[in-house]
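First comes the structure, then the notes that go with it.
The values are calculated or read from the model by the stated rules, or taken from the named source; none is laboratory data. Owing to the predicted nature of the structure, the values given are computational and were not obtained by experimental measurement. Reconstructed Cβ throughout: ideal geometry from the backbone, glycine too, with neighbour counts over all protein chains shown.
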Amino acid sequence: MTTTMISQQEFLQPSRVILFFRYLRRNPGLFIGFFILIGLILFTVIGVLTIDSSDAYPLSVKPKQPPSLEYPFGTDFYGRDLLAAMVVGMWQTALIGVLAGALGTFIGVALGFISAYFGGRLDNTIKGVCQILQPIPVFLIQVVIAGSLDKRDVTIYTMALIVVLLAWMWPTLVIRSQVLSMKERQFVSVAKLSGMGDLEIIFAEILPNLLPFIAASFVWSVFSAVFTSFYLAVVGLGPLREPLLGNTIWAAQSQGAFFNGWWWWPLFPAIAMVLILTSLALINMGLDELANPRVRRME
């Protein structure tokens, strides 16, 4: 009888997927963020499969054409199909954000664990470096570095490296504070008494419990990287030949698009940028709520 009841309870227990969708229902911000992000991904994937990417570059189509059936987003002064430029520019902008966000998060997680778990001089050194660098205006340093490079040498990968130069500090401090709290928990003490080594405790006991925090940190790092790369491109410090969203807006601004009546040129990339940043911000807030039991909404 008891075995039958346990089996029924296990059978009735919802799966993790169902629990995740229930959480999405309780957190509309996270749901909206995922919905927008999926829409942007579908737009990019379908676009890559259906358009000619060469139309995203100068002298490909007739210039200064307003939106029409032939050119749904119009064309710009340089003879680029803005629909093709949007498709190529969105995945390039996303690539910069993901590369810089992943690298910054990886460095931050590694330094945060080393600093908090092992402590001592390592902790003092890493914490001291972060505290010294944190007040420095990061964007100003990135502008100086990007401005000192030859424009022919700037690529989307170069931009990702410029963005990530100081992007590891915030993840380092966040993960460090979480590990400091986690390593004092009873299950870590039990693991030490059972003979587990430091690396085994880190990877088997502490790291799995911090995955929601790491996910939220990664999303925030991607948000910051996309935002920074966008502004570097808007001030003309990006790879000028590539149709990054920020580059498209910079080119429209430099040619006086609004004053000349080419309103469609900066409009669509600006809308895309707002949607990207909004979706990442909503997802980050939702993951932060999921990772923090104090603010998590209960069913």
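Results, tabulated for the structure shown:
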| quantity | calculated |
| --- | --- |
| Residues within the stretch 215-240 that are part of a loop (DSSP other than H, G, I, E, B) and closer than 11 Å to residue 92 by Cβ, tallied | 2 |
| Residue within the stretch 70-78 that is farther than 18 Å from residue 217 by Cβ, under 18 Å from the mean Cα position of the chain (by Cα) and surrounded by 14 or more Cβ atoms within 10 Å (Cβ to Cβ) present | no |
| Search result, residues across the stretch 58-97 that are among the polar types (S, T, N, Q) and part of a helix (DSSP H, G or I) | 92, 93 |
| Lone unmet requirement of (1) touching a Leu at 6+ places or on another chain (Cβ under 7 Å); (2) within 30 Å of residue 168 (Cβ to Cβ); (3) surrounded by fewer than 18 Cβ atoms within 10 Å (Cβ to Cβ) for residue 93 | (3) |
| Selection within the stretch 133-146 - loosely packed, with under 14 Cβ neighbours inside 10 Å and modelled with pLDDT of 85 or more | 144 |
| Extreme residue, surrounded by the fewest Cβ atoms within 10 Å (Cβ to Cβ), among residues of the stretch 234-259 that are farther than 21 Å from residue 157 by Cβ and without any contact (Cβ under 8 Å) to a residue 60 or more places away in the chain | 259 |
| Hey, residue 214 in contact with a Lys or Arg (Cβ under 9 Å, 6 or more places away or on another chain) and either at pLDDT 85 or above or of a type in the set (Ser, Thr, Tyr) (or both) or not | no |
| The stretch 175-234: number of residues that are over 24 Å from the mean Cα position of the chain (by Cα) and small (Gly, Ala, Ser) | 7 |
| Candidates 51, 38, filtered to the one that is over 15 Å from residue 268 (Cβ atoms), of a type in the set (Val, Ile, Thr) and modelled with pLDDT of 90 or more | 38 |
